[in-house]
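The values are calculated or read from the model by the stated rules, or taken from the named source; none is laboratory data. It should be emphasised that the depicted structure is a prediction, and the values quoted were computed from it without experimental measurement. We place every Cβ from the backbone using ideal geometry, glycine too, and count neighbours over all the protein chains shown.
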Amino acid sequence: MNAPFPAPSPTESTVDAAPGAMLTVRIRRDGGFQAFTVARRPAQTVLDVVTEIQREQDPTLAYRFACRVGMCGSCAMMVNGRPRWTCRTRVAAVAEGDGLTLEPLRNLPVVKDLAVDMEPFFAKWTAAHGAFEPGAVPADDFAVVAPESPERRAVDAGIECINCGVCYAACDVVAWNPDYLGPAALNRAWTLVNDVRDRGQDARLAAVSGDAGCQSCHTHMSCTEHCPKALAPTFAIAGLKRATARAALKRFGAQAFRGPSGRRPS
Amino acid sequence: MSAGTRASPLPRRVAARPHAGFAAALLHRLSGIALALFLPMHFIALGTALQGADRLESFLGLTHNGFVRTAEWGLVSALALHMVLGLRVLALEWFATAERTALIVSTCVATALAVGLLFLLGGA
């Protein structure tokens with residue numbers, strides 16, 4: 001891992017409950033909360049709990065998961081008011097008393113119960129020019145990128161994102177301004193800004209500027225504190241702020257010294 | 001991802017738990033507004049000097065009022081708070097310093113209160 005930020009939750013208890021203990025799970029659905037009771041088990045994850053409820057108590061409960069090992073990023077939901085990946089979150093670490101409150105991810109429209117529509121999240125990924133732009137003409141040769149170069153290290157710091165949406169749900173700015181691109185899309189844009197092979201930098205920097213872009217970040221650090229992969233989107237967004245400021249200064253300098261027509265004043 | 005299902009637009013139904021970073025941004029904003037509101041009064045006070053020392057002295061006489069003195073203490077504290085929280089943001093954004101947010105924000109608030117206390121002890 002090249003992430004610059006330490007792994008979260010070192011102080012959380014992971015002691016399992018006594019045998020025979022029960023867990024009360026409140027799940028937000030249909031505009032209210034529905035309560036379920038599930039047995040506590042050793043090394044039980046929050047995803048285990050939801051799966052047990054869905055398979056043994058209420059097959060109509062909707063939720064989403066795939067890999068169960070923290071790779072796919074599809075099982076995130078709000079656990080006791082905080083966004084978390086549920087497959088790697090142990091009940092013993094987050095249960096408050098014998099209770100657990102589960103809600104769909106914040107800042108995203110609900111499809112049903114705990115499943116949210118990720119479409120706005122991925123649309124913003126596209127809007128932030130989150131795809132590699134090779135340019136009109138293919139490069140003549142392979143690009144040589146030294147692993148220790150500052151650009152490559154900046155890419156490494158943010159490249160492990162699994163698109164789980166936890167940072168997006170944690171972000172207060174997204175809650176206030178639904179158009180805000182959000183930490184994940186901006187983090188992706190920053191990895192591409194540092195990709196020396198990319199040929200779409202001007203358009204990308206323009207896309208991540210403005211009211212819905214990196215300048216709107218209030219540095220609450222919520223994304224960085226909640227990221228299950230211990231990435232630091234706050235620092236990626238700060239990098240974008242510096243890069244967009246440099247680009248604006250360059251434009252301003254070009255206009256001031258060459259004039260709007262691009263020619264130097266005589 | 002929506003698999004053809006129409007999702008209900010309820011983006012703000014869940015409130016996040018309050019946290020230190022949010023508190024820092026809120027305090028930064030409120031102290032900034034307080035300072036911005038103070039500035040016109042500050043310029044009015046300075047402007048009275050143009051009309052002679054007596055006008056300035058009579059205007060400064062207002063500062064003996066208890067309410068104004070309390071407001072002055074609040075302003076000094078707000079200035080200190082705004083500065084230390086701004087330094088925190090600069091450190092985060094320019095140097096990418098990993099921080100323990102709750103500890104740093106608490107330290108910022110404590111620093112501002114200490115500066116306010118020093119102002120009071122200084123015979124304000």
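Checking A:Gly182, A:Gly213 one by one, the residue that is under 14 Å from the mean Cα position of the chain (by Cα) and under 23 Å from A:Ala248 (Cβ atoms) is A:Gly182 and no other. State all residues of region A:113-123 that are surrounded by 18 or more Cβ atoms within 10 Å (Cβ to Cβ) and not aliphatic (A, V, I, L, M); if no residue qualifies, say none. If the condition is that a residue be surrounded by 18 or more Cβ atoms within 10 Å (Cβ to Cβ) and not aliphatic (A, V, I, L, M), then A:Asp113, A:Asp117, A:Pro120, A:Phe121 are the ones that fit.
Filtering region A:81-101 to residues that are in a strand (DSSP E or B), touching a residue at least 60 places away in the same chain (Cβ under 8 Å) and surrounded by fewer than 24 Cβ atoms within 10 Å (Cβ to Cβ) leaves A:Arg82, A:Arg90, A:Gly99, A:Leu100, A:Thr101. Criterion applied to B:Phe67, B:Phe38 was being among the aromatic types (Phe, Trp, Tyr) and within 18 Å of the chain's Cα centre (by Cα), and the one residue passing it is B:Phe38.
Note on region A:39-80: residues that are in a strand (DSSP E or B) and surrounded by fewer than 18 Cβ atoms within 10 Å (Cβ to Cβ) total 1. Taken as a whole, the condition of being surrounded by 12 or more Cβ atoms within 10 Å (Cβ to Cβ), among the basic types (Lys, Arg) and modelled with pLDDT of 85 or more applies to B:Arg88.
Considering region A:95-116, the residues that are under 18 Å from A:Cys167 (Cβ atoms) and of a type outside the set (D, E, K, R) include one that is nearest to the other protein chains (Cβ to nearest Cβ), namely A:Pro109. Scan region A:137-155 and tell me whether some residue there is within 16 Å of the chain's Cα centre (by Cα) and either more than 10 Å from chain B (Cβ to nearest Cβ) or modelled with pLDDT under 95 (or both). So far as region A:137-155 goes, yes, one or more of its residues are within 16 Å of the chain's Cα centre (by Cα) and either more than 10 Å from chain B (Cβ to nearest Cβ) or modelled with pLDDT under 95 (or both). Being in contact with a Phe, Trp or Tyr (Cβ under 7 Å, 6 or more places away or on another chain), outside the structural domain of A:Thr224 (by TED's automatic domain parsing) and either closer than 21 Å to A:Ala35 by Cβ or at pLDDT 95 or above (or both) is the requirement here; does A:Ala62 meet it? Spelling it out, it is not the case that A:Ala62 is in contact with a Phe, Trp or Tyr (Cβ under 7 Å, 6 or more places away or on another chain), outside the structural domain of A:Thr224 (by TED's automatic domain parsing) and either closer than 21 Å to A:Ala35 by Cβ or at pLDDT 95 or above (or both). Quick check on region A:198-205. Is at least one of its residues outside any helix (DSSP H, G or I), modelled with pLDDT under 95 and either out of contact with any helix residue (DSSP H, G or I) (no Cβ under 9 Å at 6 or more places or on another chain) or closer than 27 Å to A:Ala66 by Cα (or both)? Yes: one or more hits.
So that you can scan it fast, the table gives a plain yes or no per residue for (1) buried (at least 20 other Cβ atoms within 10 Å of the Cβ); (2) away from chain A (no Cβ under 14 Å); (3) touching a residue at least 12 places away in the same chain (Cβ under 8 Å):
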residue: B:Ala71; (1), (2), (3): no, yes, no
residue: B:Val76; (1), (2), (3): no, yes, yes
residue: B:Met83; (1), (2), (3): no, yes, no
residue: B:Ala96; (1), (2), (3): no, no, no
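Flag: B:Ala20 matches the condition of being surrounded by 15 or more Cβ atoms within 10 Å (Cβ to Cβ) and either closer than 30 Å to A:Ala175 by Cβ or not hydroxyl-bearing (Ser, Thr, Tyr) (or both).
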